[in-house]
Amino acid sequence: MTNTSHSNHSSNATQSSGIRGFLAGLSSLDRRWIFLGVALAVGIPILLKLSLPEVPGPMARATFNAIEKIPSGSRVLLAFDYDPASQGELQPMANALVHHCASRGHNIVFMALWPLGKQLADKTIKDVLKEFHPEYVEGTNYVQLGFKTGNEGVIKLMTTAITEQYPNDASGAALTDIPLMSGVNKLSEFKLIGTISAGYPGAKEWVQYADGASPEAFTLVAGSTGVQVSQLLPYYPKQLEGLLVAVKGAAEYEMLVTEKYPVARHQGRLEEGRRRMGPQLVAHLLVIGLIVLGNVAMIAARGAKGGAR
Amino acid sequence: MLKRTIPILILATSGAILVVAYFSPFTTNWSEVVLMWFNILAAVAYVLGAGNLLAVNLEKVSSRRAGWAYALITLVAFASMLTFGLFKIGGVPSEAHPDVPYAGDYESTQSAFGWVYEYMLSPLTATMFALLAFYVASAAFRAFRAKNLESILLLGTAFIILLAQTAAGMFLTGWIPADSVFAFLRFDSLRIAITEYIQTAGMRAITIGIAIGIAATSLRLILGVDRSYLSKQ
């Protein structure tokens, strides 16, 4: 009896130390397994087109309402302050923002503080504006000003002298000859400014130099990458009336826009944010799982050391 | 003497004009001139940057230092893009001025410049950024350890934000009625509480601190007390 009990105890201890040893051994897990996990976590939902319902939050609603409340046909300025590296995160909100502004009949002026922002604005004009709003005429309903170097200096000069900063649009036409820009020489002559921002120069500089110069003149909204949103939160909702945060913000805003302004074809161009939410969900769950596993491995390793003593 | 005095005078004058122009509408034109100069100088800095890039990489290639092949690729890519852009290689003729050479758009995908942007630069930069996901997951596994109270708080916050940023947050706590006394336990409510109150309070303190620091540094520069930006020679 005593021998049997001792044997069971010993067997349990061996089993327990085996599991503990396995868990402790996870600490030195080859990172290529983690890379494989990430690839599957992102790849499978993309292939399965996993899409999940989104409930629009207050920030997305505030952005939507900011564009809705200005009179139809207002002049709005959209700054594409990002490059292809952030395209995956920011292009969905850029698409939805342009479609929303055009659906409301606003006249859109495009510009960029980032060298490659102009190309992304061109792409949005081609894929969204010309596709869903063929009635929009360049020069009358929209203008592409393009990129200018100078970072916040560009914004600061535009507060008082747009034609000094942009004597011509991107195609070379004099700004004074463009009907949409006729008589417009200050940022305060816009009803709304929207910036899609991936960092410096971007949303923060628009708040500090444009909104700071004319706080009551126009509404300022921003779309931002997740990593820089903490820098923008202090400005919301007083200086930044609307703020779209990363893919989730884009997905929520897309829902609001397409519910009110649906499109008959190429709906996918206005569902990019929601399409990205499936892979994001699985990837986030994987990261949580990895953190838990890492901590379990740490505790098991401590226990194994204690047992050894 | 001039090497130090003239830059100090330029900085002091420009800085003082921009500060005064903010408060006085009569000096707005002066500030516009200063800003135009600033933007012109920023454009010239691109040329200097290109010159520096050439100098550094040419030196690396000629001395066959470690990684010289990468420097050679950089130089070839730089020269190619500059040539494609300046000479509008492959660019379609302008619709408005079909007889004028080099009047067409150099950014369309038919042109070499547009093609390289669309099919090389854009996917390559997006790929580089996407690689972060792999390293973040690996780092989360190895570094996020609940070793003390601070790290437990950090982990708890990370879990809430990670879940609240996806439909999982709504799935797990969406059943709690939004108007009940327990509504604060919903992930979306917790996320708002963390980001809009705790995080924003911290960021405001940091932002105000930075702003005061910038104001103090600017004043030192304008008054010529801080001359660290000048060459030591």
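Throughout, read-outs are computed from the coordinates displayed, never taken from laboratory work. Just so it is clear, the model here is predicted, and its values are computed rather than measured. Please note: Cβ atoms are built from the backbone with ideal geometry, for glycine as well, and neighbour counts cover all protein chains shown.
Figures for the structure shown
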{"item": "Helix B:149-164 axis, angle to chain B major axis (alpha carbon atoms, nearest 10°)", "result": "80"}
{"item": "Degrees separating the helix B:2-23 axis from the principal Cα axis of chain B, which is the longest one", "result": "50"}
{"item": "Fewest-first ranking of B:T125, A:T140, using other Cβ atoms within 10 Å as the exposure measure", "result": "A:T140, B:T125"}
{"item": "Residue order, fewest to most beta carbons within 10 Å, for A:L281, B:L2", "result": "B:L2, A:L281"}
{"item": "Between the range B:11-72 and the range A:225-296, the alpha-carbon center distance in angstrom", "result": "36"}
{"item": "Long-range HN-HN contacts of A:K148 with modeled amide H, under 5 Å", "result": "A:A112"}
{"item": "For residues of A:282-288, the mean tally of beta carbons on other chains within 10 Å", "result": "6"}
{"item": "Nearest-ten-degree value, helix B:200-222 long axis tilted from longest Cα axis of chain B", "result": "30"}
{"item": "Ranked B:D226, B:D99, A:D122, criterion: other C-beta atoms within 10 Å, fewest first", "result": "B:D99, B:D226, A:D122"}
{"item": "The range A:58-270 - share of DSSP beta bridges that are antiparallel (%, nearest 5)", "result": "5"}
{"item": "At most 11 other Cβ within 10 Å, DSSP loop - trypsin sites (Lys or Arg not before Pro), the range A:154-249", "result": "A:K238"}
{"item": "Distance between the range B:177-214 and the range A:157-180 - C-alpha centres, whole angstrom", "result": "40"}
{"item": "Residue mean of other protein chain beta carbons inside 10 Å, A:125-137", "result": "0"}
{"item": "Residue-averaged beta-carbon neighbours from other chains (10 angstrom radius) around B:41-48", "result": "2"}
{"item": "Longest exposed-site-free window of chain A, the sites being GluC sites (Glu not before Pro) in a DSSP loop that have at most 11 other C-beta atoms within 10 Å", "result": "A:1-134"}
